[in-house]
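Participant: Submitted below is the structure of interest, expressed as C-alpha cells.
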Amino acid sequence: MTAAFVPLIYVLAFIAVVVLVQTLAGVVLESGDKTRRVNRRLTMLDAGMDHEQVHAALVRRSAAPQLASRRLAALYERAEAYCRQAGLTVTPARLAAIAGGAAAAIWLAGLVLVSVNGGDLLLNGAVSLVGACALSLLGVFLWVRRARNARLKKFEEQLPLALDIMTRAIRAGHPVLASVQLAADELGDPIGSEFGLIVDETNYGAEFKAALTSFARRTGSGDAHFMAVAINIQAETGGNLAEILEGLTRVMRGRGTLAKRVKALASEGKASAYLLSALPVGLVAFQAVFNPKFYTDKFSDPIFWPTVACVGGLYLLGWAMIQRIINFKY
C-alpha cells in the first residue's frame, strides 16, 4: 500500500518544486522591475517617510567624530563624500570598523600558521597583523572604488536622458524646478534620487543655485558640474534655457562616446597598470600574514631595511608614473 503512494509523492514533490521556483522567479523579476521603474527616493516616500527624513537618509550628512587635527577632519569629510558618491549608506567610521573586523579575522587565521611554523611568536604576530591590516584596507578600498565608479558611470549615462526630459518640459511651458521634478519621477537611481534631492533642498528654502552646486559636489561628476554652471549662468544672464540644455546634452553624449573609445583603446594598458599596482602590495601583505618568518628572519641583516626603503621608493615612483600614463584628459 505504501509503495503505491511513492509515485504520487514524487509527483507532488515535483509540483511543489516547480511552484516554488516559479514563485521565487516571480518575486525576483517583480523586484527587479520595481527597481527599474522607481528610484530609491520614491520608494522611501511610498513607504511613509516624509521629505525631510528622505533627504537626511540620502544625503547622509552624519555628525563627524570630533577630531583634534584639522587635516584628519578634512580627510574624514573627503572619505564621507567618497562613500556618498559610491551610493553607500555606511560612514567612514563604520567602514573602518568593518576593515578592522576583517583584519582581525585574517590575523587570527595567520596566527594559526605562525604558531605551527614556530619562531618568535610576538614578532611574527606583529608582522602578520600589519599584513592583515594591509589586506583588509586594500580590499575595502577596492570595493568602495568599484562601487563609486559603477554609480558614476550609470549617473553620467542617465544625465543626458534627464536633460532631454527637462528640455521637453521647459518647451512645454513648465518652470525649471518642475522639469527637474519630472525627471526625478521618471528616472531611476542614481539620477532620479539626486534630482529629487535638488527639488527637496529648494523646497526647504535653499536657493536653486545652491541646490545645483550641492548636487554637483555630492555626485562628483564633471557633467553634473557642467549642468550646474550652465543653468546658473543662464539664470544670471538670461537666454533660452531649452537650447542651452539641448546643446549641453549633445556635448555630454559626445564626451561619453569619446570616453568609451578612449576606454576601449586603453583598456589593456589600464588592466596591466592596475595589476602591476595591486599585485606587489597584495603578495607582500599575503606573505606577511601567513608566512611572516620569511621577513622576520632577515630583520637582523643590515642590508634588509635599506633594501626595503629603496624598493618602496621605486614602487611609489613607478605607481606615480603609471597613473600619469593611464589617466587621460579629454
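The values are calculated or read from the model by the stated rules, or taken from the named source; none is laboratory data. All values reported here derive from a predicted model rather than from experimental measurement. FYI the Cβ positions are ideal-geometry reconstructions off the backbone, even for glycines, and counts take in every protein chain you see.
Participant: State the number of residues belonging to region 165-183 that are surrounded by 19 or more Cβ atoms within 10 Å (Cβ to Cβ) and more than 17 Å from residue 249 (Cβ to Cβ).
Facilitator: 1
Participant: Tell me which residues, restricted to region 202-227, are crowded, with 20+ Cβ neighbours inside 10 Å and over 21 Å from the mean Cα position of the chain (by Cα).
Facilitator: 211, 212, 227 - these are the residues of region 202-227 that are crowded, with 20+ Cβ neighbours inside 10 Å and over 21 Å from the mean Cα position of the chain (by Cα).
Participant: Determine whether residue 200 is touching a residue at least 60 places away in the same chain (Cβ under 8 Å) and touching a His at 6+ places or on another chain (Cβ under 7 Å).
Facilitator: So residue 200 fits the description; yes.
Participant: Could you please find all residues in region 101-130 being surrounded by 15 or more Cβ atoms within 10 Å (Cβ to Cβ) and either within 25 Å of the chain's Cα centre (by Cα) or hydroxyl-bearing (Ser, Thr, Tyr) (or both)?
Facilitator: Residues satisfying the conditions are 102, 103, 106, 128.
Participant: Could you give me the residue pairs with C-beta distances under 8 Å whose first residue belongs to region 78-94 and is touching a residue at least 12 places away in the same chain (Cβ under 8 Å) and among the basic types (Lys, Arg), whose second residue is in a helix (DSSP H, G or I) and surrounded by 17 or more Cβ atoms within 10 Å (Cβ to Cβ) wherever it lies, and which are 6+ apart or on separate chains?
Facilitator: Correct list of pairs: 84/218.
Participant: Can you tell me which residue is modelled with the highest pLDDT among those in region 62-71 that are loosely packed, with under 12 Cβ neighbours inside 10 Å and assigned to a loop (DSSP other than H, G, I, E, B)?
Facilitator: For region 62-71, the residue satisfying everything is 69.
Participant: Going through region 72-123 one residue at a time, which ones are in contact with a Pro (Cβ under 7 Å, 6 or more places away or on another chain) and either part of a loop (DSSP other than H, G, I, E, B) or more than 30 Å from residue 296 (Cα to Cα) (or both)?
Facilitator: Matches in region 72-123: 76, 79, 80, 83, 87, 93.
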